[in-house]
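I have placed the structure first, in the form of structure tokens, so that the comments after it can refer back to it.
The values are calculated or read from the model by the stated rules, or taken from the named source; none is laboratory data. Just so we're clear, the structure is a prediction, and the values are computed from it rather than from any experiment. When the accessible area is computed, the model is the full protein with side chains, heavy atoms only, and any ligands, DNA or RNA have been set aside. Shrake-Rupley method; radii C 1.70, N 1.55, O 1.52, S 1.80 Å.
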Amino acid sequence: MTPLPLSLVGSTLARGSLRVLSRRPPGGNAAWDRTNHRGATVSLLAGPAVVLAASVTSALGAPTRQLGAAALAVGLAAGAVGRYDDTRGAEEATSKGFRGHLRAAATGRLSGGAVKVLGIGAVSVLAAGAVTRNPVQRLVAGGVIAGAANLVNLLDLRPGRALKVYTLAATPLLSGPYGGLLAGPVGAASAMLPDDLGERVMLGDAGANGLGALLGLRLAAGASPRGRVALLAGLAALTAASEVVSFSKIIAATPGLRELDALGRRPAR
């Protein structure tokens, strides 16, 4: 299936999944409602809706059965452990970032975020087996997948931000033999953008991690061994930077980025 039909399937499946989930949310609406950065109540149901659509269509667009199975597994698994972290958000207020997870571990408590890091890391290395058989390169490719999952999640701090960056980053990767891995996910992300910008839904860790993992799989599959090392170094640098600087502050202080970030969003109060 070519990129355009896959994108349409991803968009349709994402919108349909959100409608179905919204009618009868598992556990009731209270289990999915969250308060966003300015106090509005939004639903996390966009997370499982977009992850389901993105994972299925990524598998359909994969050039080999191995990559298709890897896409389905890593997308759904990253979304699942992201959802686990979403459910523990209230009790994890002091355990954000890697430093927060380490502080929690020092007290004998395994934070939801630490469970997510370990879970996504493990499934990423497993999925990387469809990319390369070299043991060292498999670890590097797994790092790229997990790193991309984390980076998209780090951007999900304002309405529409993560989906905009995801779409802009993924669109140039739709060409080539591995482009089908992202055609459906781009369609699913685009379909969710209006509701995200309108502050009716948000991706949460489930949606951001699932989409990011699929982006990482595409990056790892299409890169050379040296390219994967460079990608991993870049993702690690951005993750480290997020521990000491605020991406939101950088975006707000940078002309061009500031306007793009605010495009389509409701005016600030």
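Just the number: Rg to Rh for region 16-86, Cα atoms, Kirkwood Rh, two decimals. Intermediate values should be presented prior to the final figure.
Details: Rg = 14.2 Å, Rh = 13.3 Å.
Using Cα coordinates only, the ratio equals 1.07.
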Note to self: Per q in 0.11 Å⁻¹, report the Debye log10 I(q)/I(0) for the chain, using one uniform scatterer on each alpha carbon and no solvent.
What the structure shows: -0.56
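Whole-Å semi-axes of region 141-189's equivalent ellipsoid, largest first, each the root of 5 times a Cα gyration tensor eigenvalue?
On the way: eigenvalues 72, 45, 11 Å².
Taking √(5λ) for each Cα gyration eigenvalue gives 19, 15, 7 Å.
Starting from the eigenvalues of the Cα gyration tensor, five times each then square-rooted, give me the equivalent ellipsoid semi-axes of region 174-220, largest first, whole Å.
Values: eigenvalues 103, 31, 6 Å².
Semi-axes from the Cα gyration tensor: 23, 12, 5 Å.
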Checklist line | Cα pair count fraction exceeding 19 Å, expressed as % - region 1-52 | finding: 38
Notebook entry, point to check: Going out from 0 in 10 Å bins, what whole percent of all Cα-Cα distances in region 131-269 drops into each bin?
Noted result: 12, 40, 35, 12, 2, 0
Next item on the list: Could you please state, rounded to a whole Å, how far the C-alpha centre of region 61-76 is from the C-alpha centre of region 1-56?
Entry: 20
Check: In the chain, carbon and sulfur make up what percent of the accessible area (probe 1.4 Å)?
Finding: 66
Notebook entry, point to check: Once the Cα gyration tensor of region 198-248 is found, what semi-axes does its equivalent ellipsoid get, as square roots of 5 times the eigenvalues, in whole Å, sorted largest first?
Noted result: 25, 18, 7
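What is region 134-208's relative contact order, in percent, from Cα pairs under 8 angstrom and six or more apart in sequence? Working shown, then result.
Details: 46 pairs, mean separation 26.9, N = 75.
RCO, region 134-208: 36 percent.
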Item checked: Accessible solvent surface per residue of the chain, calculated while the other protein chains remain in place, 1.4 angstrom probe, Å² -> 46
